[in-house]
Amino acid sequence: MPRLAGQRGFTLLELMVTVAIIAIIGTIAFFTYEDRSRNARRVDAIVALERIAQAEQRYFTQNNTFTSNIGDLEPFGITSDTTDGGYYDLALEAGVGGLTSIVEMVATPVSSKSQAKDVCTELRISSNGTRDGLPDRKTCWGK
């Protein structure tokens, strides 16, 4: 249909192309935001593991052994077996050589939360300071 003189506006095709471009940009922005959020929550888990590692060292100083019970670290400020946001479960595991030698602090994403989609499925720090993760140390710890 020919345009009348002085009539202005957009065609339906122009509007549809604009909507499609906005949808593509919005999708990219959403997934980038989700990825950054997961990285920030991973940093929360790293901070929690380092706090537990410090508490383990204080426990060792007083008891001459490490503990694999996270409840034993309550006097040192560790009051929960999850991170503050509840995105990671925290646990202690006896390392090679038994409890008196080494203990490992482990953070795993909670399966019912969005953090379960994170590429890092496990973060570890041992009482001797060794850091590791799955799939690898650099991906999970960024170093």
Residue-normalised 222 nm signal for the chain, counting each DSSP H run of n ≥ 4 as -39,500 (n - 2.57), nearest 500 deg cm²/dmol, is -14500 deg cm²/dmol
Two-decimal Rg/Rh of the chain from alpha-carbon positions, Kirkwood Rh?
1.37
Here the stretch 129-136 yields Karplus 3J(HN,Hα) values (6.51, -1.76, 1.60; θ = phi - 60°; whole Hz; Gly and Pro given as x) of x, 6, 10, 8, x, 10, x, 7
The size of the Cβ-based charge dipole (Lys, Arg +1; Asp, Glu -1) of the stretch 12-141 about the Cα centre, to the nearest 20 debye, is 260
Out of residues 5 or more away from G85 or on other chains, whose amide H comes under 5 Å of its own, with H placed 1.01 Å from N in the peptide plane?
none
Helix 12-63 against the longest principal axis of the chain: what's the angle in degrees, Cα atoms only, rounded to the nearest 10?
10
When the chain is modelled as a GNM with alpha-carbon springs shorter than 10 Å, which of R51, R124, R41 fluctuates the most?
R51
For E122, what residues show an amide H to amide H distance below 5 Å, using hydrogens built from the backbone and excluding near sequence neighbours?
L134
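Bear in mind these aren't lab numbers, they're just calculated from the coordinates by the rules spelled out. Remember, it's a predicted structure, so these values are computed and weren't measured experimentally. Every residue, glycine as well, gets a Cβ built from its backbone with ideal geometry; the counts of neighbours run over all protein chains shown.
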